[in-house]
1. For region 41-65, what are the residues that are part of a helix (DSSP H, G or I), over 15 Å from the mean Cα position of the chain (by Cα) and not hydroxyl-bearing (Ser, Thr, Tyr)?
2. Any residue at all in region 67-88 that's small (Gly, Ala, Ser), part of a helix (DSSP H, G or I) and more than 16 Å from LEU136 (Cα to Cα)?
3. Only one of these is of a type outside the set (S, T, N, Q), over 20 Å from PHE55 (Cβ atoms) and within 12 Å of the chain's Cα centre (by Cα): GLY157, GLY149. Name it.
4. Considering every residue within region 50-68, establish whether at least one is farther than 27 Å from SER11 by Cβ and hydroxyl-bearing (Ser, Thr, Tyr).
5. With respect to the numbered conditions (1) in contact (Cβ under 8 Å) with a residue 40 or more places away in the chain; (2) touching a Phe, Trp or Tyr at 6+ places or on another chain (Cβ under 7 Å); (3) assigned to a helix (DSSP H, G or I), which one is the sole condition not fulfilled by PHE117?
6. Which one of ALA81, ALA107, ALA74 is buried (at least 17 other Cβ atoms within 10 Å of the Cβ), closer than 23 Å to SER39 by Cβ and either in contact with a His (Cβ under 7 Å, 6 or more places away or on another chain) or among the small types (Gly, Ala, Ser) (or both)?
7. Could you check region 14-47 and list, in sequence order, the residues that are surrounded by 21 or more Cβ atoms within 10 Å (Cβ to Cβ), among the aliphatic types (A, V, I, L, M) and either within 19 Å of THR97 (Cα to Cα) or in contact (Cβ under 8 Å) with a residue 40 or more places away in the chain (or both)?
8. Name the single residue, out of those in region 62-100 being closer than 17 Å to SER163 by Cβ and out of contact with any Ser or Thr (no Cβ under 6 Å at 6 or more places or on another chain), that is modelled with the lowest pLDDT.
Amino acid sequence: MATTRTTGGRSLVGWFVLAAGVVYLLGILFSHIATTLASGWWNFFAFALLAVGLFLLFLWRTSTLLRVAFIVGAVGWALLAINSVAALGTAVVTIATLLALIGTLVAGILAFMRHTFTRNADLAFLLMAIFAALVLLAVWATFLGGTLGLIIAIIFGILLIVSGLLIQRRR
């Protein structure tokens, strides 16, 4: 069984989260500046990288509650990744959004409370989880559309990068 804190695993997870942030921000950039390069594949790779990172955290943690939160978030983000390139249907997308929202937010709260990473990485991961919830809520909440939704999405991408950088750092 893995230990509660695996430094090699944390570094790999950090790289996946960092790459997810870079790809997500490139997708936003290309959708607004170079529309010929905009496609659903940017979201696919960003969400898939985030799902892999959460799955690796699921594998390397021994706390049952954290493991459940990480795997729920990973399944949600993986389904959202698939939906970005192939239509899964509204029921599956709604379930995927709820899984990603609840799993990521609970994982962020528990990681912060249990000091899963370093102090700064815990805070960055919690903020990333909150902004992930806001990005996912934008599907249902109309007030999060337009410019506010874009700003929240950009902050989410930046927090993915910051979280990835801080997670991979050694204690």
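1. If the condition is that a residue be part of a helix (DSSP H, G or I), over 15 Å from the mean Cα position of the chain (by Cα) and not hydroxyl-bearing (Ser, Thr, Tyr), then TRP41, LEU59, TRP60, LEU65 are the ones that fit.
2. Yes, the conditions are met somewhere in region 67-88.
3. Exactly one residue qualifies, and that residue is GLY157.
4. So far as region 50-68 goes, no, none of its residues is farther than 27 Å from SER11 by Cβ and hydroxyl-bearing (Ser, Thr, Tyr).
5. Checking PHE117 against (1) in contact (Cβ under 8 Å) with a residue 40 or more places away in the chain; (2) touching a Phe, Trp or Tyr at 6+ places or on another chain (Cβ under 7 Å); (3) assigned to a helix (DSSP H, G or I), the one that fails is (3).
6. Step by step, each of ALA81, ALA107, ALA74 is checked, and only ALA81 is buried (at least 17 other Cβ atoms within 10 Å of the Cβ), closer than 23 Å to SER39 by Cβ and either in contact with a His (Cβ under 7 Å, 6 or more places away or on another chain) or among the small types (Gly, Ala, Ser) (or both).
7. Those that are surrounded by 21 or more Cβ atoms within 10 Å (Cβ to Cβ), among the aliphatic types (A, V, I, L, M) and either within 19 Å of THR97 (Cα to Cα) or in contact (Cβ under 8 Å) with a residue 40 or more places away in the chain (or both): VAL17, LEU18, ALA20, ALA46.
8. The selected residue is LEU66.
The values are calculated or read from the model by the stated rules, or taken from the named source; none is laboratory data. Here the structure is a predicted model, which is why all the values come from computation and not from measurement. For neighbour counting, all protein chains shown are included, and Cβ atoms are generated from backbone atoms with ideal geometry for every residue, glycine included.
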